[in-house]
Amino acid sequence: VSGHIVPEIDAFVHESARLRVLVFLAMLNAADFMYLLRQTGLSRGNLSVQLGRLESAGLVDAAKRQVDGRLRTAYSLTAAGLDALIEYKSTMQTILAAIPD
Amino acid sequence: MSRSPESRLFQAYWEDGVLDLVAGCAVVLIGTGYLFEQMLVPAIVTPLALTAWFILRKQIVEPRAGYVQFASRRRQRSRWEVRGTVAVGLGLFALVLTLALGLRGEISTIRDLVAALPAFLVALAALVAAGLTRSWRFSTYALLLVSSGVATILVGTGPAMPLFLGGAVICGSGTMLLIRFVARSKDFADRDAT
């Protein structure tokens, strides 16, 4: 961010639970709620809330697909979500590099 | 060697034991085929085992572990590894067939060597599975199969024995892993419900 020596962090992405979900989805093509629940270690309620917020922000896509005769909601990162995460990584790298050893 | 988080996720995908259980049963069945000189058994058992793995994964694992689709780069890499494996497997199968036919009636030591080849082939498949799934327990299975294959050469027991032994161990290991997976899933569900 211009005018700031230390760049500002995207607070929405930086939130611990949301960041965790985003990072998991960045590593995968798609995953359902149960997989994310087990892997992220978040509570069912928290994960549900965070996925809803990420979906509303356009960072995550929730697609209902018919898999083996069952309707399954598969979550995946959108292009905007990936961009936000890349931007966040770059900001954090700048910030971390500024911390003296 | 430190692995990337994605690599660890991929490894965790195979830790339910279903693959071990199905592969172990398949190896025992192949051993039975050799015992009764039914050489077509591997050709029947292999697609059956793949189908069984797919069904068991859908029925037992996915409802508990969830559904995941790995990134296209990972899937592409796995596809190439599977293709390479099939090519190597077919090449080795042709080699075994040539040896078996060419050495028919030769001295007993060479016949014993040929008798150990099915176990060596399955060991190779286990080694490939170790690489494909990033699960090093499959290397242990390979080592066991090679050892029992060597024992076959030394004792002259025929091709069925090392396959029975190796298959039973793989099957047992898979059963234990599956029991642990189901128990952990129950713990997780109980914790999540509270």
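The table that follows gives values for the structure above.
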| item | result |
| --- | --- |
| Theoretical ellipticity at 222 nm over chain B - DSSP helices of four or more residues, -39500 (n - 2.57) apiece, nearest 500 | -28000 deg cm²/dmol |
| In degrees, nearest ten, helix A:16-27 long axis to first principal axis of chain A (Cα) | 70 degrees |
| For A:V60, residues with placed amide H under 5 Å, excluding near neighbours | A:E55, A:T78 |
| Accessible area of segment A:1-64 belonging to carbon and sulfur atoms, whole % at 1.4 Å probe | 51 percent |
| Helix B:41-56 axis, angle to chain B major axis (alpha carbon atoms, nearest 10°) | 10 degrees |
| Shielding score for A:24-32, defined as the mean number of other chain Cβ atoms within 10 Å | 6 |
| Accessible surface buried upon B-A contact (total; probe 1.4 Å; Å², nearest 100) | 1800 Å² |
| Å³ per residue enclosed by the Cα convex hull of the protein assembly as shown | 170 Å³ |
| Accessible area, probe 1.4 Å, largest first, for residues A:E8, A:E55, A:E15 | A:E8, A:E55, A:E15 |
| Cα-only radius of gyration and Dmax that characterise chain A, units Å | 15.5, 56 |
| Label-point gap, in nm, between B:R8 and B:S78 - each point 7 angstrom along Cα→Cβ | 2.0 nm |
| Principal axis dimensions, segment B:127-194 - Cα atoms, whole angstrom, descending | 59, 22, 11 |
| Å² per residue, accessible surface of the protein assembly as shown at 1.4 Å | 56 Å² |
| Enclosed volume per residue, in Å³, of the convex hull spanned by Cα atoms of chain B | 126 Å³ |
| FRET efficiency estimate (nearest 0.05) - Cβ-Cβ, A:V49 to A:D83, R0 25 angstrom | 0.60 |
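The values are calculated or read from the model by the stated rules, or taken from the named source; none is laboratory data. What you are looking at is a predicted structure, and each value in this text was computed from that prediction instead of being measured. Counting neighbours? That spans all protein chains shown, and the Cβs are built from the backbone with ideal geometry, glycine included. Note: areas computed on protein heavy atoms with side chains; ligands, DNA, RNA excluded. Shrake-Rupley method; radii C 1.70, N 1.55, O 1.52, S 1.80 Å.
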